[in-house]
1. Let's test the formula: R0 of 35 Å, r as the Cβ-Cβ distance of Asp23 and Glu184. What FRET efficiency results, to the nearest 0.05?
2. In the chain, which helices (entire DSSP H runs) extend 27 Å or more along their own long axis, judged by Cα positions, while averaging at least -0.5 on the Kyte-Doolittle scale?
3. How many angstrom lie between the C-alpha centres of segment 126-182 and segment 38-100?
4. Test of understanding: express the Cα radius of gyration of the chain as a ratio to 2.2 N^0.38 Å, with N the residue count.
5. To the nearest 0.05, what FRET efficiency results for Leu40 and Ser9 with a Förster distance of 41 Å applied to their C-beta separation?
6. Give me the mean projected area, in nm² to one decimal, of the convex hull enclosing the Cα positions of segment 8-79.
7. In segment 90-143, what is the volume of the convex hull around the alpha carbon atoms, normalised per residue and reported in Å³?
8. Per q in 0.11, 0.28 Å⁻¹, report the Debye log10 I(q)/I(0) for segment 111-181, using one uniform scatterer on each alpha carbon and no solvent.
Amino acid sequence: MTDITPTRSVVLEMKEERRAMHDGYVFLDEKCLLLAGEMLRELERYHEHRRRFLAAWRSAIDALQAAVARHGLHGLLVYPAPESAARVAHASRGLMGVRLLEATLEGDTGLAPPAVDPSHEAHACRAAFSTLLAAAAPLAASTGNLERLALEYRRSVRRARALQDVLVPEIDRDVADLEARFEELEQEDAIFMAWGRQA
């Protein structure tokens with residue numbers, strides 16, 4: 001800051017910059033609070049989706065074991081698959097620049113060609129894995145939401161700390177230095193003018 005000539009306008013400009021930095025810190029601090037609150041709400045949704053997914057996973061594994069026991073692995077591999085009309089539908093919303101998704105599996109699995117050796121076990125296995133897919137879509141969306149929220153939260157915290165711990169103290173020192181040099185110049189001018197009147 002020694003290369004800047006201390007004038008009243010420079011001091012005022014630096015104070016305005018300090019005020020803007022402080023406002024930026026307050027905004028980032030509030031943003032962090034909003035993101036943290038949304039992360040907690042999303043975490044509750046994640047746990048609920050995960051609970052449903054794990055229940056569907058256990059049912060699918062049990063159904064798969066029963067179908068493999070009935071048909072054997074090779075027999076189950078050639079069991080006709082339905083032509084699925086299901087698709088993942090999603091809706092998005094934004095929070096402080098973070099895109100949040102909600103996803104669901106829509107549509108049905110469709111009809112399958114008739115099997116040579118149809119069984120209740122194979123049908124139950126197909127239904128269990130359809131339920132598992134339906135449970136996976138909202139869980140995947142919630143997992144992505146948590147990742148994006150956490151990333152933005154860490155980024156905002158870093159910026160807020162940089163403002164609070166580095167930039168604001170630095171500009172405070174610069175303003176104090178400019179004000180001190182400006183006062184010295186004013187005193188020198190006052191002494192010079194007083195000396196000129198005496199001469």
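1. So the FRET efficiency works out to roughly 0.70.
2. 8-77, 120-162
3. The distance from the Cα centre of segment 126-182 to that of segment 38-100 comes to 29 Å.
4. That ratio works out to 2.02.
5. Plugging the Cβ-Cβ distance into 1/(1 + (r/R0)^6) gives 0.30.
6. 8.7 nm²
7. 69 Å³
8. Ignoring solvent entirely, the Cα scatterers give -0.59, -1.12.
Only the coordinates and a few stated rules stand behind these numbers; no lab work does. Being a predicted model, the structure only gives us computed values, none of them experimental. In this analysis, Cβ positions are derived from the backbone assuming ideal geometry, glycine residues included, and neighbour counts consider all displayed protein chains.
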